[in-house]
Amino acid sequence: MISLVDGYLGRIMLDCQAHLTGAVADYIPELAAVDPGGFGLSMCVHDGHVYSHGDSAAAFTIQSISKPLTYALALGRRGFATIDAAIGVEPSGEAFNEISVDQRRRPKNPMINAGAILAASMLLPQEPTVSSDTVDAAFADVVEFYSACAGRRLGLDERVYASESATGARNRAIAYMLVSFGALQTDPDAAIDLYFRQCSLQVTTDDLAVIGCTIANGGVNPRTGRRVLDQAVAQRVLSVMTTCGMYDGAGDWVTRVGLPAKSGVGGGILAILPGQLGIGVYSPLLDEHGNSVRGVDTCRHLSTDLGLHMFNVA
Ligand code: GLN
């Protein structure tokens, strides 16, 4: 069984290998300098077995794939009522860093930056000034949670974090806009600092596959057996990943791949088949939405060939 799946995953990688279009993210030098040829694929199935191919042990920054995790953590810490009053669940159809809110001046969803920054802010004391020790403590909580989902301790890419902090004018503008709307009720600089740190955590495709399978399992890590999030939170996260996870490419993704997913500008994609498996893909060349070109292609192949589309009625 294992060799059959391995043979199949290896073949998919070969099929997608030549697809070298797109461009690496270049808004910070650390991302611009990555090897554009990097390509990894991992799949974790419900018994916790991980099938690993290509550069599956290569570390890259999680970037926006952190958004569903911090949203899950904020839901667990603050409850649905508080989080839903602050952050919507409607697809925005806009770019990830769009300066956008709904008619109630809430970020439209937690998968775009506005909603993700607000979700991170909800992990901090809701006070106008927050000490750096408090941000450190909130970040320790974030690392602990992401690591429990991945089943191993994750670490920070200090250089990416320093660069994100040095250049993040757009994200700061979004945070301050949310303050002006009364939506963000903590120190915006502390919220942004926490957001930049979460984006700069390093993962591999093996990690993404295990994180995905943990969510697929309703919140129980299949390798450690530990419950790390509530079932209701897992269901909510899968729902917003389905409608909003691929930004303005979400409709095309759901139609063609049909799996809840989240991409990051580091080149990773996390895709999940609820109840069954988690998939992690890495390839840093991105399309115009900021989604990995070969990552999308690989997921399309997997979904079609293995019949993984969640609305598969065959
Ligand atoms: N750090 C990036 C940002 O906030 C993450 C964006 C992404 O992965 N799409 O702009």
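Each other residue within a Cβ distance under 12 Å of ILE83 adds +1 if Lys or Arg and -1 if Asp or Glu, for a net charge of +3. Across the chain, Cα-Cα pairs more than 34 Å apart make up 14 percent of the total.
Angle of helix 169-180 to the longest C-alpha principal axis of the chain, folded into 0 to 90 degrees and rounded to 10: 50°. Considering only VAL257, VAL220, VAL179, the Gaussian network model of the chain with Cα springs below 10 Å gives its largest mean-square fluctuation to VAL179.
Return the FRET efficiency for the residue pair ASP47, HIS19: r is the Cβ-Cβ distance, R0 is 41 Å, and the value is rounded to the nearest 0.05.
Details: r = 31 Å, r/R0 = 0.76.
With R0 = 41 Å, the Cβ-Cβ based efficiency is 0.85.
For the residues ALA32, ALA86, ALA120, a GNM of the chain with alpha-carbon springs under 10 Å puts the largest fluctuation on ALA32. Checking every one of the chymotrypsin sites (Phe, Trp or Tyr not before Pro) in segment 1-74 against DSSP loop status and a limit of 15 other Cβ atoms within 10 Å picks out TYR27.
Which of the trypsin sites (Lys or Arg not before Pro) found in segment 67-114 are in a DSSP loop and have at most 16 neighbouring Cβ atoms, other than their own, within 10 Å? Working shown, then result.
Working: sites: ARG77, ARG78, ARG104, ARG105, LYS108; in loops: ARG104, ARG105, LYS108.
Passing both the DSSP loop test and the Cβ count: ARG104, ARG105.
Note that segment 19-25 has calculated 3J(HN,Hα) couplings of 6, 9, 8, x, 9, 6, 4 Hz, one per residue in order, obtained from phi through the Karplus relation 6.51 cos²θ - 1.76 cosθ + 1.60 (θ = phi - 60°); glycine and proline are x. For the chain, the cysteines with no partner cysteine C-beta closer than 4.7 Å are CYS16, CYS149, CYS199, CYS244, CYS299. Other residues whose C-beta falls under 11 angstrom from the C-beta of GLY151 contribute a net charge of +2, scoring Lys and Arg +1 and Asp and Glu -1. Just so you know, the averaged projected area of the alpha carbon convex hull for segment 82-177 sits at 7.3 nm².
Loop-only trypsin sites (Lys or Arg not before Pro) in segment 197-289, please: DSSP not H, G, I, E or B, and at most 14 other Cβ atoms within 10 Å. Present the calculation step by step, with values, prior to reporting the outcome.
Working: sites: ARG197, ARG223, ARG226, ARG227, ARG236, ARG256, LYS262; in loops: ARG223, ARG226.
The qualifying sites are ARG226.
All of the numbers you see were taken from the coordinates with simple rules; none came from a lab. Everything quoted here is computed from the prediction, not taken from an experiment. Note that we place each Cβ from the backbone using ideal geometry, even for glycine, and neighbour counts take in every protein chain shown.
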